[in-house]
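Single-structure report; data block below.
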Amino acid sequence: MVRGQVPAGIVDYFCIWVLLVDDADRADADVERLTQEALRNRKRSSMPMCGCCYGCGEPITGRLFHDADCRDEYERRQSSRGRNGRA
Ligand SMILES: [Zn+2]
């Protein structure tokens, strides 16, 4: 260690502190995003596979939707039902 430098231990401690603070900020955003994502996924994965695409109603095996378009279509329908509905 070169004489006159800040002791390595202090630098390490400071770096760790900065990293922790930085992580904490990031973590907040991540948790928020991941929670939303997990909720969406849980809702979706709780849907039984009915043999038909939830989006367009065409037969499908092993999946809920053919593709992103069908999924969007389904989610649009769900959210409009939620807005108008109470049913
Ligand atoms: Zn479809």
Segment 48-87: relative contact order from alpha carbon pairs under 8 Å, six or more residues apart, as a whole percent, is 31 percent
Counting sequence-distant residues (5 or more places) and residues on other chains, those with an amide H built under 5 Å from that of Cys52 are Ile60
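Laboratory data are not the source of any read-out in this text; all were calculated from the coordinates shown. None of the values given here were measured: they were computed from a predicted structure.
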